[in-house]
Amino acid sequence: MKVPYVDLAAQHAPLRQALLEAVGRVLDHGWFVLGPEVGELEARLAERIEVPAVFGVNSGTDALILALRALGVGPGDEVITVSHSFVATASAIRLVGATPVFVDIDEDTMLLDPTRLEAARTASTKAVLPVHLGGFACDLTAIATFCDAHGLHLLEDCAQAIGAKHRGRPVGSVGVGAWSLHPLKVLSACGDAGFVSLPGGRHEVLLRELRNLGLRTRDDVAHVSGNSRLDTLQAAMLLVKLGHLDEWIAARRAHAAAYRGALRGWVRLPPEEGDDFAVYSAFVVRHPRRDALVEGLLARGIDAKVHYPKAIHQQPPFADVAQPLPVTERVVREIVSLPVTPELTEAGREQVIAAVRAVCGEIGDAGA
């Protein structure tokens, strides 16, 4: 039996009728752009994240770009972030005219290391952009303290972390949050979608205008901006799926707990959560012979992935801002993502466990 990394058809099968009914309601009222479902989704997400306001947009990338613009980040500014992320994080910084400044990650958490922020700060630093990769929360306490001490904006890349918490506080509620609802995320649209969360009352009017071609009213343009509106059809389907988010997160956490118990000593496991709450958008293990592990898992029908085999600073478009990041460079050579979606069956999970143990038995364990 093959075990897929993700199975969206299996996720949507039990929701099919409810999704089609949601689409039908939009077809009936005909308000396809910023319709009532968009406002309802924004209100429910804001309540969940414990923020005053959320603004739906067309993608996680545009969420980052609009959030940076709303914070006043632009040409001549620097934004401290990590290179261990999807390229959209750094691309958004470049697309507003600013410069990404990469700092290394913590060896254990594989997330931004707050102790490296001071050395990266310059007179041009405008913001810090941590990434809650794999559904784990960054150390927002330390990062926010640093930002407050130096008058810097805090923008959280929450693309993979809806539902995650740092010391009981939802990610995206400390700084401005940029979120993706891409089909592979914990809460996923049937296409591209995203949103921006605001922890305070500022920037609401500006974000509302920036996502809608800079329009203040139908006939008055306040800014030069693009069309980043969230589609009403996507919002309607997301409202259906939002009702299942807690059970989906619980399933991911159950898979993660089983992996932890069965794979300890075979591979290097994700960090313990401590006072945080992780949602496991990916269950990332490490092995010094990663490529051999992936090859062996694929041969046994396990669709293992690598997120991401190259750090952003190793990609040609960012060569001009690249610098040695030894922890990041070591981590991206070792990481493997195991199937962990809610649609993964217990039988499939046991097959993953057996395959990891078998392959590690052949190539040697990770000394974890």
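The residues of the stretch 100-115 that are outside any loop (DSSP other than H, G, I, E, B) and either assigned by TED's automatic domain parsing to the domain that holds ILE335 or crowded, with 18+ Cβ neighbours inside 10 Å (or both), listed by number, are PRO100, VAL101, PHE102, VAL103, ILE105, LEU112, PRO114. Cβ separations smaller than 6 Å between residues 6+ apart or across chains give the following pairs from the stretch 255-281 residues that are touching a residue at least 40 places away in the same chain (Cβ under 8 Å) to residues that are of a type in the set (Ser, Thr, Tyr): ALA256/TYR280; PRO271/THR109. Selection of the stretch 153-169 for residues being closer than 23 Å to HIS203 by Cα, touching a Ser or Thr at 6+ places or on another chain (Cβ under 6 Å) and of a type outside the set (D, E, K, R) yields only ALA159. Selection over the stretch 124-182 of residues that are within 10 Å of the chain's Cα centre (by Cα) and not in a loop (DSSP other than H, G, I, E, B) gives a count of 9. For the stretch 350-363, check the following and say yes or no: at least one residue is at pLDDT 95 or above, of a type in the set (A, V, I, L, M, F, W, C), assigned to a helix (DSSP H, G or I) and within 20 Å of PHE102 (Cβ to Cβ). For the stretch 350-363, residues at pLDDT 95 or above, of a type in the set (A, V, I, L, M, F, W, C), assigned to a helix (DSSP H, G or I) and within 20 Å of PHE102 (Cβ to Cβ): absent.
The values are calculated or read from the model by the stated rules, or taken from the named source; none is laboratory data. None of these values were measured; they are calculated from a predicted model. With ideal geometry, Cβ positions are generated from the backbone for all residues, glycine too; neighbour counts draw on all protein chains shown.
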